Each structure stands twice: as C-alpha cells, then as structure tokens.
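Shown next, in structure tokens, is the structure this report addresses.
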Amino acid sequence: MTKAKRRGNGHTAPQDEPKLPVRIQRPDDDPAPQVPRRGVVHRITQETDVKVAIEVDGTGKHKIDTGIPFLNHMLVTLAHHSLMDIQVLARGDVEVDPHHTVEDIGLCLGRALLDALGDRQGIHRFGECARPFDEALVRCHIDFSGRPQFVYRVALAPGRIGSFDVELAEVFFSAFAAEARMNLHLVLEYGQNRHHIVEGCFKTLAAAIRRAVEVDPRRGQDVASTKGRLD
C-alpha cells in the first residue's frame, strides 16, 4: 500500500509522485545521426567524360574544372550559395562545340543530386528565391516533385560572356532539371547585362535548392506529399 503525505491544503498525494517540471521530448531533441546525402556520377560518351560528386549537407566547398571558364565560375557560385559541396571534372569536345560538355555536366549534376536526396524523406520539397544582381532581378521556384518540368522565361539577347554562348545557360538548366526530376522555373523580371542575368539565375537556383533540401524535423520520416511519395 502506497504511503501518503499531507500537503498544506489538506490533500494527500503518493510519496512517489513525480516532481515537476517533467521534460517533454521534442522532435528535434537528440536527433538520430543523419545518413550523409551524397551522390556520385561518372558519365562517358564519345563526346565527353564527366565526373561529378555532390554532398548536400556541405559548406559550399568546390573543386571545379570543366574546360569552360565561365561555367567554372557559375558552378562555384552554385556551390557557394547552396552550401552543397560540389566537385566537377569534365573533358569534352569543346573545340567542336561546348554544348555537349555543358549539357552533360547538367545531366550529371542533376543525377547526382537526385541520388543524394534518395526518397526525399523529411525535406521541405519546395524552394523559391528572388535576388538582385546590380540592375538584374531573377526569380527561381523549384519543386522536388519527382516530375521534371522546366520553364525558362529569361529573355537574353544573343551573345557571349567570354567564350560562353548565353544560349548554353538554358541547355544546362534544362538538363539539370530533367535528371534531378525537379520542377524548375526561372524568370527574369528585368535586366540588361548578360553576365548579371545568367549569374543571377545560378544564384537564385542555389538559394532555392538550399531551402528545398533542408530537413524539417516536424515531418520526421514522411515526405511532403499527400500521396505519401514523390514521383
């Protein structure tokens, strides 16, 4: 029989009554170790040889060598603003046309990101960003839905940035979205300078990815879909 002690108000309570406050366990308390989200792809064709590695939960470290200086700069930008660690080593027939190399790098980066995210449990899924770069303003909206879609409303006058044909930016983004199985919308609100516009696209994409791939501790092992899966 449990002994009771008398309280000041005349009521009695068991001596083994728990003392307050009682700590409430929250979803983000003592989280389980997270499996590294990494993707590695090596693609070889008669036109290109591309090696890519991505670590989603990185710090923006990068090792980029594509043989295309402006694309190197853009991929460094992608790593820096997404905080993903990105390595790209590519060799291609750039003396014929950089198109093959740019497209295959986009394909490999998209596939590596898809593999790194796995079944996309717990991620926010959606990401969006609008950022200015001097006179240019670009918006990016993404959805890791598993259903690839690409909308590119970026009106660029034909021309080059160094040796980089600005038309190749769309080639890269289209390939990246297709292999990452993501819905990607890039919209230029206004701007004139080709460099600012293209770099603005990469910066906003990076920031949107950073948001979309973050894990929401409230979601646990669920995916952000009423279907229970993302495809």
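Bear in mind that the values in this text are calculations on the coordinates, not laboratory data. Because the structure is predicted, anything quoted here is derived from the model rather than measured. Quick reminder, even Gly has a Cβ in these numbers, built from the backbone with ideal geometry, and neighbours come from all protein chains shown.
Using a 7 Å offset from the Cα along the Cα-to-Cβ direction at both residue 38 and residue 121, what is the distance between the two label points in nm, to one decimal?
Reported label-point gap for residue 38 and residue 121 is 2.0 nm.
Based on alpha-carbon atoms only, what is the radius of gyration of region 93-172 relative to the globular estimate 2.2 N^0.38 Å?
Details: Rg = 15.4 Å, N = 80, 2.2 N^0.38 = 11.6 Å.
My calculation over the Cα atoms of region 93-172 gives 1.32.
Quick one: compute a quarter of the convex hull surface over the Cα atoms of region 49-118 and quote it in nm². Could you put the intermediate results ahead of the total?
Values: hull surface 16.3 nm².
Spelled out: convex hull of the Cα atoms, projected over all directions, averaged, 4.1 nm².
In whole Hz, what ³J(HN,Hα) sequence does region 98-105 give by Karplus (6.51, -1.76, 1.60; θ = phi - 60°), x for Gly and Pro?
Going residue by residue, I get x, 3, 4, 5, 4, 5, 5, 5 Hz, with x marking Gly and Pro.
If amide hydrogens are placed 1.01 Å from N in the peptide plane, which non-local residues have theirs closer than 5 Å to the one on residue 138?
Distant-sequence amide H within range of residue 138: 131, 133, 189.
Kirkwood Rh over alpha-carbon pairs of region 38-212, then Stokes-Einstein at 4 °C and 1.567 mPa s: what D in µm² s⁻¹, rounded to an integer? Mind showing how you got there, number by number?
Values: Rh = 15.8 Å.
For the chosen part, D equals 82 µm²/s.
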